[in-house]
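Read the structure below first, then the notes.
A short reminder: the numbers here are calculations on the coordinates, not readings from a lab. Just so it is clear, the model here is predicted, and its values are computed rather than measured. Backbone-built Cβ (ideal geometry, glycine too); neighbour counts: all protein chains shown.
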Amino acid sequence: MSFLQSLSETFSREAPKYKTLFLPKHRVDKDYDEKPIVAGEAYCRIWLVEMRLAKDVEWFKQRYPVVHAAVRFNHGGKSVIIPYLAAPGQLEKSIADNLDKVIQCNYPLTSLFPFNDGLVELQAGLFSIANNDSIGKFIKAIGRFSELLPVPELSSVIKLAEPVYRGIEDLLDIGERRLELGYQQTFSEAYGGGSNFLKAGYFAAILAQDNKINSDNLCIVNDSLCLGSPGTTKTFERDGKLLEGYSYMLFRIEKRTAQYWESLSSIKELVDKAQEAVIDGKYEVVKTIFLPAIKAAIYQSPDVTKADRKQMVLKIEDFLRELGLQAAKVQKRSLYSIMQRPLPPSDAETEAELAALEQLFQQNSQ
C-alpha cells in the first residue's frame with residue numbers, strides 16, 4: 001500500500017466531520033492573481049498558514065500535536081511525494097501556554113515547484129500522539145529532516161523525501177495516535193471542466209459540521225481565518241473577528257511567474273563559467289561547449305517551467321553575445337539579473353532548434 005493511500009484510508013476511516021472551503025478572492029484582504037494556473041506557465045508553493053488547537057485535548061501534557069502533510073505532484077516527468085511534519089517543539093514555541101489560540105504557522109509544505117503537467121494532491125492531518133520521551137525524540141528528528149525538503153531547487157534534495165515519509169509512516173504506526181482533523185484535495189490543470197483547478201488563494205479545513213458556520217461570513221484578515229460581514233465589499237477588514245471554538249487548518253497556494261534563479265546551482269555555475277570564458281576571449285569554447293551544455297541543463301532541469309526554458313536560453317545566449325561574442329564590453333551579471341532582461345527576438349532556425357530540444361528531453365524523461 002502506498003503512503004498516500006494509507007493516509008487516505010486513515011482519513012476516510014477516522015476523520016470526524018469537518019467543513020472545507022476555498023475562500024473567494026473578495027473575502028481576502030490582500031490582492032492576488034486568482035486566474036487558474038495553466039500547466040507549464042507558473043511556479044507554485046503550498047503553505048500551512050495558520051491553525052487553531054481547541055481546548056478539548058490536553059496538548060503537550062498528555063498528547064503531542066503533530067501536523068503531517070504530504071503533497072504529490074509531477075516533477076521532471078515523475079510523480080514525487082513531498083512530506084512535511086511540524087514537530088511539537090515548533091508548535092509549542094508558537095502556542096506558548098495558551099491553548100485555543102491561533103498559531104501563525106506559515107510553514108512551506110513544498111518548495112516553489114514548476115507546475116508543468118498532471119495533478120497536485122494534498123493530504124494534511126492534525127494528529128495527537130500520546131506523550132512519552134522516545135516518541136518525542138523520534139518526532140523531533142523526523143521534523144528536522146522534513147524541514148530540509150521545501151527548498152527552491154527541489155531536485156537537489158529529492159532523495160531525502162522517501163526516507164522522511166517512511167519515518168513519518170513508522171511514527172504514525174508505532175505511536176498511540178489519534179486523528180483530530182484530516183484534509184485531502186486534488187487540484188487539476190486550468191480549464192479541465194471541474195471546480196478543483198489549481199489557483200492561488202486560501203482554503204481551510206474546519207472541525208465543525210457544515211451547518212455550524214456560515215461560509216459567507218468567513219474571511220481572511222492578515223493571514224488569519226476570521227468571521228466578518230458578508231458581501232463583496234471589504235467591510236470585513238474592519239469588523240472581522242478571529243474564528244474561535246473550532247480546531248482548523250488554513251492553507252494557501254502561492255503562484256509566481258518566476259523561479260528563484262540563483263537557486264538553480266547547476267545552471268548558474270555553467271553561466272558563470274561561460275561569462276568568464278567570454279571575458280578571457282575564448283569565444284569558440286563558449287559556442288561549442290558552454291552554450292550547448294547550458295541549453296541541455298535548462299531543458300533537463302525539473303525545476304523550470306516549460307515556458308521558461310525557451311526564455312532562459314534566449315536571454316542567456318543574448319547576454320553572452322552582448323558580453324563578448326560581438327566584442328561588446330558589458331559587466332558580468334548574475335543569473336537573476338540576466339533573467340530580468342527583455343526577451344530578445346528569435347529567428348526560425350533558433351525556434352526549430354529549441355523545439356527539437358524540447359521534444360528530445362520530453363522523450364528522455366518518459
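Ordering Lys255, Lys159, Lys19 by the number of other Cβ atoms within 10 Å of each residue's own Cβ, fewest first, gives Lys159, Lys19, Lys255. Residue pairs exceeding 24 angstrom between C-alpha atoms, taken from Lys159/Lys332; Lys19/Lys159; Lys199/Lys306; Lys78/Lys332: Lys159/Lys332; Lys19/Lys159; Lys78/Lys332.
Put in order of Cβ neighbour count within 10 Å, fewest first, the listed residues Tyr248, Tyr18, Tyr191 become Tyr191, Tyr18, Tyr248. Near the amide H of Leu21, within less than 5 Å, lie the amide hydrogens of Ala204, all on another chain or at least 5 residues away, with H placed in the peptide plane.
Among Leu48, Leu53, rank each residue by its count of other Cβ atoms within 10 Å, from fewest to most, as a rough exposure measure. List each step's numbers first, then the result.
Details: Leu48 20, Leu53 23.
Exposure proxy ranking, most exposed first: Leu48, Leu53.
Farthest towards the positive end of the charge dipole of the range 221-366, among the residues Tyr336, Gly228, Leu250, is the Cα of Gly228, using unit charges on the Cβ of Lys, Arg, Asp and Glu.
Under a 5 Å amide H cut-off, with hydrogens placed 1.01 Å from N, Ser111 pairs with Val151 among residues at least 5 apart or on other chains. For a modelled paramagnetic label at Ser337, 7 Å from Cα along Cα-to-Cβ, the residues of the range 253-278 in reach, with backbone nitrogen under 20 Å, are 259-278.
For the range 207-295, a simple Cβ point-charge model (Lys and Arg +1, Asp and Glu -1, everything else neutral) yields a dipole of about 180 debye relative to the Cα centre. Label sites at Ala130 and Leu21, each approximated as a point 7 angstrom past Cα along Cα to Cβ, lie 3.8 nm apart. For Asn116, nonlocal amide neighbours, meaning residues 5 or more places apart or on other chains whose placed amide H falls under 5 Å from its own, are Gly40.
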